[in-house]
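Here the structure comes first, spelled out in structure tokens, and everything after it is commentary.
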Amino acid sequence: MLEDLWNGFLELTAQFVIPDWGALVALLPVFVFVLTVVWLAMTFLRLLRAPKAQRGKGRVIPRNPPGVHLPGPSFAPIFGAVGVFLLFVGIVFPGPILLLGAIALVLTLIYWLTESVRIFDHDLGVQSAPELPAVVHEGPPPGVHLPGPTFRPFLGAIGTGMLMLGLVFGGWLLAAGVLALVATLVGWLVDAGREYRNAEQADTSGHLESLPAPRWPSFLFVALAVLLIGGVVLQAGWLPPRDVNGGAGASASGAPGGSGAPPGAPAGSGAPGEPGGSGGPPGAPQADAVVHAMNVAFVETTLTAPAGRPFTLAFVNEDPGTPHNVELKDGSGASVFKGAIFAGPDTKVYDVPSLPAGAYTFVCSVHPNMTGSATLQ
């Protein structure tokens, strides 16, 4: 029961952490259309509720306020748009057209600059408004406190980035991301509390002491770097060292009997031709096909299974604390089978229904970068 709830939670969070970007991009036109319809409906509703326009019989001659000058009509914006259009035409069709487009844009911008300078020189000669004295403020008004410079937003962004990295890869990286975010937010909270206490003292004394310039958070930078590097090392399985079968500190034989199978893997002879045998090395799970996951990647990138009848697929997850599964997709990309998601080290044998012969693709639903090709025959 708890395992089903955990697998459901992982599948739900996978939709947000690693969404189907192709489907989201395909929905963009629909989203823009809905926004356009809503905007038009709100505009027509405001027009219906607006009071009737008061129209006079005579035309009101527009007059600029004193000291305000509005530029007259100009062809410069039109010429500038033509120059930009010619430049983009040259980018699409490179060659001499690109050079001509760049020259056209430069000429139109020079024309626009010349016209603007002429209007500016004309305005300098007609200064009807008096010049106002320059006001230089020596500091914030009384009672206004501006916080000093701080590294906390930058450190908080680093902690959030490490947490997002942990949500993608899970395991030790997720633990390191949570610790990094907590450490940066606690430091930010301590600084905010210090500023608040200073502001409270200013309410009684009338004087607000400025906080000293912050020092470089060298210790926190080192701690974040150690967390990140340690999470990567533990997630990759470099510490503790593994053997070729993924066992931590085990010998080639692994256990009595020399199976070398990862924890949770069912024993089987694996000899070719035996019923239920995978045809793999000794100690492989008993199934029609076997797939291993290690270091967030499939060890076997190809597999062969029988077509036209149900078959078994053994999936060995050798990544400690990292959830994986196996999902089969047909040539069109549609999912035809999706195995349960579980964290390693563990092994599950999937019962795959009967599928027609052909070429398929198997992926991990949590980590789409894990892919392989399957042939059913």
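Let's test the formula: R0 of 35 Å, r as the Cβ-Cβ distance of Asp191 and Leu40. What FRET efficiency results, to the nearest 0.05?
0.15
To the nearest 0.05, how large is the calculated FRET efficiency for Leu109 and Val89 if R₀ is 25 Å and r is the Cβ-Cβ distance?
Between Leu109 and Val89 the formula returns 0.90.
Round to a whole number: what % of the accessible area of the range 155-198 belongs to carbon and sulfur, probe 1.4 Å?
Here it works out to 81 percent.
Mind checking the full-extension length gain between Ala102 and Val336? Use 0.36 nm per residue of separation minus the Cα-Cα distance, one decimal, nm.
Residue separation times 0.36 nm, minus the Cα-Cα distance, leaves 78.9 nm.
Based on the Kirkwood radius over alpha-carbon pairs, what is the Stokes-Einstein translational diffusion coefficient of the range 305-377 at 20 °C with 1.002 mPa s viscosity, in µm²/s?
The Stokes-Einstein estimate is 171 µm²/s.
Show the residues, 5+ positions off or on another chain, whose built amide H is closer than 5 Å to the amide H of Leu355.
For Leu355, the qualifying residues are Gly308, Arg309.
Pop out the carbon and sulfur fraction of the accessible area of the range 297-377 as a percent, whole number, probe 1.4 Å.
Ligands and nucleic acids excluded, carbon and sulfur reach 55 percent.
So, in nm, how far is label Trp6 from label Ser354 when the simple model puts each one 7 Å beyond its Cα toward the Cβ?
Going from the Trp6 label point to the Ser354 one covers 3.6 nm.
The values are calculated or read from the model by the stated rules, or taken from the named source; none is laboratory data. Here the structure is a predicted model, which is why all the values come from computation and not from measurement. Here the Cβ is made from the backbone with ideal geometry for all residues, glycine too, and neighbour counts use every protein chain on show. Heads up: the accessible areas ignore ligands, DNA and RNA and are worked out on the full protein's heavy atoms, side chains in. Shrake-Rupley method; radii C 1.70, N 1.55, O 1.52, S 1.80 Å.
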